[in-house]
1. Restricting to the stretch 1-19, count the residues that are without any contact (Cβ under 8 Å) to a residue 60 or more places away in the chain and open to solvent by less than 60 Å² (accessible area, probe 1.4 Å).
2. Filter the stretch 37-73 down to the residues that are at pLDDT below 85 and acidic (Asp, Glu), then identify the one that is most open to solvent (accessible area, probe 1.4 Å).
3. Condition check: of a type in the set (Val, Ile, Thr) and within 17 Å of Arg71 (Cα to Cα). Does Val29 satisfy that?
4. When you look at Arg34, is it in contact with a strand residue (DSSP E or B) (Cβ under 8 Å, 6 or more places away or on another chain), charged (D, E, K, R) and open to solvent by 70 Å² or more (accessible area, probe 1.4 Å), yes or no?
5. Do we have any residue at all in the stretch 2-16 that's over 16 Å from the mean Cα position of the chain (by Cα) and part of a strand (DSSP E or B)?
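The values are calculated or read from the model by the stated rules, or taken from the named source; none is laboratory data. On a predicted model such as this, the values are computed, not experimentally measured, just so you know. With ideal geometry, Cβ positions are generated from the backbone for all residues, glycine too; neighbour counts draw on all protein chains shown. Side chains included, ligands, DNA and RNA excluded: accessible areas come from the protein's heavy atoms. Shrake-Rupley method; radii C 1.70, N 1.55, O 1.52, S 1.80 Å.
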Amino acid sequence: DASGTFVQLRLGLAQTACRKRAPQRHCRVLESRRKPVCLACYKFDTSDVPKVLDKYHNCGPSHQLAVKEIRQRDEAECRAVEEAGKGGDTLYLPGMFAFSRGLPA
């Protein structure tokens, strides 16, 4: 996309039996615990050192009560992030574009 790079990540988290203070390599996942799903959306510009134009992140609940509503809100928020920096909402500033004449062939 000419307005930048859009990235969407969906991560599933799981509670483990490991302690926070003593991290270990192999931790047993606790099956009966909550498992939230996190969604993150980022829009970067096209410069040499990319800057974040817009972002959204949310870790939804593990229960099924409001999952549909949260998913719809997340999708709407990510669409808004994806549209950041496109056409109509960008501001033209003098000197933003530079043109030069080509030399004769």
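1. Residues that pass the stated criteria total 5.
2. Per the criteria, the residue is Asp48.
3. no
4. So Arg34 fails the test.
5. yes
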